[in-house]
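Structure first, commentary second.
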Amino acid sequence: MFKRILIANRGEIAVRIIRACRELGIETVAVYSKADKDSMHVQLAHEAICIGNSPSSESYLNIPSIISAAEIADVEAIHPGYGFLAENAHFAEICESCQIKFIGPKPESIRLMGDKAMARQTVSKAGLPITPGTDVIADQEEALRFAKKIGYPVIIKAKMGGGGKGMKVAHNDGKLVSAFLTARTEAEAAFGNGDLYIEKYIEEPRHIEMQILADQYGTTVYLGERDCSIQRRHQKLIEEAPSPSLSKKTRKKLGDAAVKIAKAVRYENAGTIEFLVDKDENFYFMEMNTRLQVEHPVTELVTGIDIVKEQIRIAAGEKLGYSQEDIHTTGAAIECRINAEDPSNSFMPSPGRIDKYVPPGGPWVRVDSHVYAGYVIPPFYDSMIGKVIVYGHHRHEAIATMARALSEMQIGPIKTTIPLHLRIMNRPDFIKGKVNTGFIDRLLTQTQTQAKKEIHESV
């Protein structure tokens, strides 16, 4: 087992990894930007090293600075968390060349599955369903020809995409032309690569993903699915395990498909295969995330498996201590991402000082966060400041626990997504499990309609 690990990340995920390392008896080294000098991960690590200025391009994405910190601190391994360099094959290669273990998959797996168009080809060759789509398209004219062939709506995606960036839906020729230009600009800014491809857009499907673990000795298992359908701008807001509307038969098919995909690319460590599932439970491969997911805690609660510890054990050369037959899920878990955003104002970011912070507690409630009273949220990074995760013996119990936990939680004076999550927990369609990727759009449309009605009635 490793004795000393550097965490190439920040915020709640850095804190999460530090806690796992402490329980495994591993020393941790935190890296931080100047904006994060007071962050909790800096305070909890055994050692902390400043790696640059506040912008991520000068700190958390600065590979030479991170490698220098790793060499100065004499670490044996680097955990990238998620985001930043977690799916950067070049970074993984540099770690290997410096004889530092990258806690994640091999660079070739990252590169293959990070290229979304190549990933589609790989999955198709493995005999698994993908949505009709293209390879990389050269220009708008080619995009228009494809859309005409398969019919609208279509979705434009960045070849190296993730996190909803470089992703646009078009319902007609005019929208497609403008969406193509916008997606290319976003992709170039976010990934340094403006290549795009197009898929047939499946309207209001469920977004279901399968968590897998694979060791270095050929054993690959799936830990059940997560339903991530409640999202806005293709970014997830709420995740739960298991899915409230997936049959046992389809669940097994998805799990088997996920393992088949992982084996096809000789995958090692933790990963997630994402699928779109329509109303008839037909499913289509969407992408593979070659890293730890934000929503990993819901899987941990229903399986009892600590995924971060398993990542570290696998990277250290240990075998998985169980087979597929040994994995069982019990109960239900729900996660709400707490973002420093104003849902009533187009989810406008709300950075600033937190003067009041009261996290929820009580049975079956877990809070993963890095904030505290007096903490200043910097404007340079993702707006997520924490996650509330709950467990229940069944889904209705988990919903009741989440509603109670959210009602206890107080963060101010900044705006957060807590009120929106509370509304969702109390909606009959959510309680009945009638969710798909159009859920938030419908909710916001209803809210705007109701607001206009109230204004009209008051005049």
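Here's a check for you: in the range 431-443, which residue that is in contact (Cβ under 8 Å) with a residue 40 or more places away in the chain and of a type outside the set (Lys, Arg) is surrounded by the most Cβ atoms within 10 Å (Cβ to Cβ)?
VAL435
On the basis of being outside the structural domain of THR290 (by TED's automatic domain parsing), within 17 Å of PHE2 (Cβ to Cβ) and either modelled with pLDDT of 95 or more or under 21 Å from the mean Cα position of the chain (by Cα) (or both), does ALA73 make the cut?
yes
Out of ILE78, ILE13, report the one residue that is under 21 Å from HIS296 (Cβ atoms), out of contact with any helix residue (DSSP H, G or I) (no Cβ under 8 Å at 6 or more places or on another chain), crowded, with 21+ Cβ neighbours inside 10 Å and not aromatic (Phe, Trp, Tyr).
Unique residue meeting the criteria: ILE13.
Considering every residue within the range 194-206, establish whether at least one is β-branched (Val, Ile, Thr), under 30 Å from LYS252 (Cβ atoms) and buried (at least 22 other Cβ atoms within 10 Å of the Cβ).
No, the range 194-206 has no match at all.
Can you give me the number of residues within the range 287-314 that are outside any helix (DSSP H, G or I) and under 25 Å from ASN339 (Cα atoms)?
Looking only at that region, the number is 10.
The conditions are (1) surrounded by fewer than 19 Cβ atoms within 10 Å (Cβ to Cβ); (2) assigned to a helix (DSSP H, G or I); (3) in contact with an Asp or Glu (Cβ under 8 Å, 6 or more places away or on another chain), and ALA147 fails exactly one of them. Which is it?
Evaluating ALA147 over (1) surrounded by fewer than 19 Cβ atoms within 10 Å (Cβ to Cβ); (2) assigned to a helix (DSSP H, G or I); (3) in contact with an Asp or Glu (Cβ under 8 Å, 6 or more places away or on another chain) leaves (1) as the failure.
Just give me the residues in the range 162-187 being in contact (Cβ under 8 Å) with a residue 60 or more places away in the chain and either in a helix (DSSP H, G or I) or buried (at least 20 other Cβ atoms within 10 Å of the Cβ) (or both), in sequence order.
Selection gives GLY162, MET167.
Could you look through the range 284-302, keep only residues that are farther than 27 Å from ARG10 by Cβ and touching a Ser or Thr at 6+ places or on another chain (Cβ under 7 Å), and pick out the one that is surrounded by the most Cβ atoms within 10 Å (Cβ to Cβ)?
Ranking the candidates gives VAL302 first.
Specify the residue that is farthest from ARG395 (Cα to Cα); the eligible residues are those in the range 433-459 that are modelled with pLDDT of 55 or more and assigned to a loop (DSSP other than H, G, I, E, B).
Out of the qualifying residues, it is GLY438.
Residues GLY317, GLY321: which one is in the same structural domain as GLN211 (by TED's automatic domain parsing), touching a residue at least 40 places away in the same chain (Cβ under 8 Å) and either part of a loop (DSSP other than H, G, I, E, B) or over 26 Å from ALA20 (Cα atoms) (or both)?
Answer to the selection: GLY317.
Please list, ordered by first then second residue, the pairs with beta carbon atoms under 7 Å, 6 or more apart or interchain, first in the range 52-69 and under 13 Å from PRO80 (Cβ atoms), second not in a loop (DSSP other than H, G, I, E, B).
From the range 52-69, the pairs are TYR60/SER33; ILE63/PHE91; ILE63/ILE94; ILE66/VAL31; ILE66/ILE51; ILE67/ILE94.
Report the residue count in the range 133-148 for those that are under 29 Å from the mean Cα position of the chain (by Cα) and not small (Gly, Ala, Ser).
Counting residues in the range 133-148 that are under 29 Å from the mean Cα position of the chain (by Cα) and not small (Gly, Ala, Ser) gives 4.
The values are calculated or read from the model by the stated rules, or taken from the named source; none is laboratory data. Everything quoted here is computed from the prediction, not taken from an experiment. Reconstructed Cβ throughout: ideal geometry from the backbone, glycine too, with neighbour counts over all protein chains shown.
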